[in-house]
Amino acid sequence: MKRSKAWGVLGVAVGAALGWMVAVPAWAEDELVVYTARKEHMIKPLFDAYTAKTGVKIQFLSDNAEPLLMKLQTEGSSTPADLLMTVDAGNLWRAAKEGVLAPIESAVLEKNVAPHLRDPGKQWFALSQRARVMVYATDRVKPEPLKDYADLADPKWKGKLCLRSSKKIYNQSLVALLIDQHGEAKTETMVQGWVTNLAEPPAADDTKVMEAIAAGQCDVGVVNTYYYGLLMDKKPNLKLALHFPPNGGTHLNISGAGVTKHAPHPAEAIKLLEWLTTPEAQRMFADLNFEYPVNPAAPMNDKVKSWGTPSGDQRNMSLAGELQEKAVKLMDRAGYK
Ligand code: FE
């Protein structure tokens, strides 16, 4: 093990000097360290299961993707982190582009994760899929008029649409993939149509979009399906349902991970990644946060299955990163706040 025992103390000192918002634990030198933008309730059960199975201990630091990426850049070769785990292909693409990850050679990962769900440069692999789809008020909207994201620009939805802020990477990636599909000009007209149809200013999060629909402030919106699952678990009587754009039109994004460029334990880190793509771990992902497996051999959560069938396409998810800047500028021009 390469890591110095003094790292923990040094980490606290450097952390204090840089004003990190989180306490830096004293990393044990023989434990895998994961920097993760995934919430603790989501990943701790997975890590605990891996430790029970292999005896390999895992420490993790949870924060948003942006600060974790900055931290990896600041730490450089002295990082204690073996893995970076985050959500949204746009974030994974950026991590690869900024040089904090290393390519992974793994036949297991290449077998378990379809080509469009991994970096062509092998620096990150998807661990779960998440669908961003329409949610609608079942007491005011019949499913038939719901079609796809482009249709939300139709005047029939004037004053009836609620959207989350364009600042969220989920919407940036959605628009990036729409640019790839329709071209910039058509996508800009589409996004202008969305803005025209808004019932109220964009919401801070997906749950607020659904609450606004349930309260009658609007009829239709766009959310990640796991937020629907979490909300309906708490309030099962809400008159809300999901609609999945058909014919390959469902926007499926990913969560994923990569081994860091200066990982102290790269071989062990790859083993953990491989395990996370096995049906056993994929099932946990599906159950813990209502996500979709990346490994086709893994079963889908029954509740998730009951919401409908996502119909995605095979375009490589790195497009979300490559076209992100264009998407952000386009949404700005279209007046989508
Ligand atoms: Fe989320």
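The values are calculated or read from the model by the stated rules, or taken from the named source; none is laboratory data. All values reported here derive from a predicted model rather than from experimental measurement. Glycine also receives a Cβ, built like all others from the backbone with ideal geometry; neighbour counts cover every protein chain displayed.
Could you say whether any residue in region 259-277 is closer than 25 Å to ALA204 by Cβ and away from the ligand (no atom under 16 Å from the Cβ)? The answer is no; no qualifying residue exists.
Working only within region 73-115, note down all residues that are within 16 Å of the ligand (Cβ to nearest atom), touching a strand residue (DSSP E or B) at 6+ places or on another chain (Cβ under 8 Å) and either more than 16 Å from LYS261 (Cβ to Cβ) or not in a helix (DSSP H, G or I) (or both).
Once the filter is applied, which keeps residues that are within 16 Å of the ligand (Cβ to nearest atom), touching a strand residue (DSSP E or B) at 6+ places or on another chain (Cβ under 8 Å) and either more than 16 Å from LYS261 (Cβ to Cβ) or not in a helix (DSSP H, G or I) (or both), region 73-115 yields MET85, THR86, VAL87, ASP88, ALA89.
Based on what the data block shows, is VAL220 closer than 26 Å to LYS303 by Cα, more than 15 Å from the ligand (Cβ to nearest atom) and surrounded by 22 or more Cβ atoms within 10 Å (Cβ to Cβ)? Yes. Of everything in region 205-224, what is of a type in the set (Gly, Ala, Ser) and either without any contact (Cβ under 8 Å) to a residue 60 or more places away in the chain or not in a strand (DSSP E or B) (or both)? Give them in sequence order. Across region 205-224, the qualifying residues are ALA212, ALA214, ALA215, GLY216. Report every pair of residues separated by at least 6 positions or lying on different chains whose Cβ atoms are under 9 Å apart, first residue within region 173-202 and of a type in the set (Ser, Thr, Tyr), second crowded, with 19+ Cβ neighbours inside 10 Å and at pLDDT below 95. Qualifying pairs under 9 Å: none. For region 137-151, taking the residues that are surrounded by 15 or more Cβ atoms within 10 Å (Cβ to Cβ) and in contact with a helix residue (DSSP H, G or I) (Cβ under 7 Å, 6 or more places away or on another chain), the one that is farthest from SER173 (Cα to Cα) is identified as ALA137. Of everything listed in (1) crowded, with 19+ Cβ neighbours inside 10 Å; (2) farther than 27 Å from ASN316 by Cα; (3) of a type outside the set (Gly, Ala, Ser), the single unmet condition for VAL191 is (2). Here LEU68 meets each of (1) closer than 22 Å to ILE254 by Cβ; (2) touching a strand residue (DSSP E or B) at 6+ places or on another chain (Cβ under 8 Å); (3) of a type in the set (A, V, I, L, M, F, W, C); (4) more than 16 Å from the ligand (Cβ to nearest atom) with one exception, condition (4). When region 203-212 is filtered for residues that are in contact with a Lys or Arg (Cβ under 9 Å, 6 or more places away or on another chain) and crowded, with 21+ Cβ neighbours inside 10 Å, the ones remaining, listed by number, are ALA203, ASP206, VAL209. With respect to the conditions (1) part of a helix (DSSP H, G or I); (2) without any contact (Cβ under 8 Å) to a residue 12 or more places away in the chain, PRO236 lacks only one, and its number is (1).
Going residue by residue through region 140-153, is there one that turns out to be within 16 Å of the ligand (Cβ to nearest atom) and farther than 26 Å from ALA281 by Cβ? No, every residue in region 140-153 fails to be within 16 Å of the ligand (Cβ to nearest atom) and farther than 26 Å from ALA281 by Cβ.
Output the number of the condition that PHE125 fails; it satisfies all remaining conditions of (1) within 26 Å of MET317 (Cα to Cα); (2) outside the structural domain of ALA286 (by TED's automatic domain parsing). Result: PHE125 passes all but (2).
Within region 98-118, restricting attention to residues that are in contact (Cβ under 8 Å) with a residue 60 or more places away in the chain and under 11 Å from LEU69 (Cα atoms), the residue that is surrounded by the fewest Cβ atoms within 10 Å (Cβ to Cβ) is GLY99.
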